[in-house]
Every structure is written in structure tokens, then in C-alpha cells.
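Shown next, in C-alpha cells, is the structure this report addresses.
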Amino acid sequence: MSALRITYLILAVVGAILPMIYFVGWFNENSWSLAAMVDAWHVNKATSGLVYDLTIAAVALTIFIIAEATVRRDWLSLIAIPATFCIGVSCGLPLYLLLRSRQLD
């Protein structure tokens, strides 16, 4: 595995673990209510801006993944979409880049 692919792998793992540490910690302190978490995301204009920024990035990444998977017939790379929306762009993007950089048969 090349140094670039190892870097993508490390970023995908860190991008999955680090946000989850904060999400699980928040849920443990504030109940396991998804609605309460969404309310917390919009507690001020700065956090609302970040939510919209990341949502737009996630949608753009999803469109790109679907377009590339269709052209390359690389259906495995589609697993980066649920990773993006269930974990975050910090996991989904490096995961997609890792999958995209592998050799196809």
C-alpha cells in the first residue's frame, strides 16, 4: 500500500473516531435524543453556519461519488456515502479517496 493510501486510511479512521468521541460524550451528557442534538447544532449562528457548510460538502461529495462510481463501475466506493452521512465528511471523504485510489480489475 502506498504512502498516500496509508494517509487516506489513517484520516478515515481518525475522521470516524474523533467525531464519535464527541457525539457519544454529548449523548451521554444530554440524553440520546437526536432531536436535541439537532437543536444543539443550531445554538448560534456560528454552529448553524458549520452545519450548512458540512451539509453542502456532504451533498457535493455524494454527487461526485455517484458520478464516479457510475463511470468507473466501482460500486464498492458507494460505501463512502453512508459513512459521510452517518459519521461525517471527515470520514467519508478520505474513505472515498482510499477506495478511489485502489486498482480496479
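A compact table of results
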read-out: Mean Cβ count within 10 Å, highest first, over the residues of peptides 39-48, 88-97; value: 88-97, 39-48
read-out: Option label - percent of Cα pairs over 25 Å apart computed here, alternatives [x] 28; [y] 40; [z] 36; value: [x]
read-out: Sequence-separation-based contact order of the stretch 3-100, relative, with Cα cut under 8 Å and 6+ spacing, percent; value: 42
read-out: Förster radius 25 Å - calculated FRET efficiency between C86 and A57, Cβ distance, rounded to 0.05; value: 0.95
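Each value in this text was obtained by applying a stated rule to the coordinates, not by laboratory testing. Just so it is clear, the structure is predicted and the values come from calculations on it, not from any experiment. We place every Cβ from the backbone using ideal geometry, glycine too, and count neighbours over all the protein chains shown.
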